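Asks: Please find one structure pasted underneath; my questions will follow.
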Amino acid sequence: MDILRLTFQLGVFFAIYSFIWFFIDLGIKIMTSGSVRGLIQTYLLKGVKYLFLVNVIFLFSIAENQVSIKDSSMFPVVVILVLYFVGKFQKNQNTNALFSRMGMQSKVIQFNAKYEIIVISFSILAFIGFIIEPSYALNPVSLWFKESIIDIASTALIGFIFKIIGLFFLLGLLTKTVNAFQFLLGKLVPSDNGPKQDQFDDFEEVE
């Protein structure tokens, strides 16, 4: 199915983009002498990261390369982007909660739910903005990211590794989708097969 191939391709693109951004982020840390970033700095940088990510994904979406995504697939792309960002949100939230339970403050993961939602919402709106005005997506930085992703994906060994990551992304997304449908189905159609609760608890005092 086209939607499966689309999800797989985007999984590969997400993985390679994160790989490239890791070195960009490392370079920024080196230039700033490894100084600890504040919350505002962290989310400004994350906003830039997500903005170029949706920009690059849009370039793939408008048939800019040989593994292009057709324009008719724009809606599935938006859905996959939302699910991707929700997954990132949950991962950061869980990591932050884990450190909090341990009585520690994570210097690696700085998490603020409000800022996270703002950055994600801005990124999705930016993608919609590119759909409305595609010319804004054609900038040198995003075109460089796109060409770099294509070059890495076409490399034999490294490209194969990222294709495996894309496969896991596809399987993970399918699992989340099935779980979501099961959850909604359980809410809409409550099961009557479960054990019925006694009218009174064993130790309930009846007056």
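Asks: For Met74, Met31, which order do you get if you count the other beta carbons within 10 Å of each Cβ and list the fewest first?
Replies: Met31, Met74
Asks: Sort Ile149, Ile20 so the one with the fewest other Cβ atoms within 10 Å of its own Cβ comes first.
Replies: Ile20, Ile149
Asks: Rank the residues Val178, Val77 as a footprinting-exposure proxy: fewest other Cβ atoms within 10 Å of their Cβ go first.
Replies: Val178, Val77
Values quoted throughout were computed directly from the atomic coordinates according to the rules given, and no laboratory measurement underlies them. Computed from a predicted structure; not experimentally measured. Heads up, the Cβs are rebuilt from the backbone with ideal geometry, glycines too, and the neighbour counts pull from every protein chain shown.
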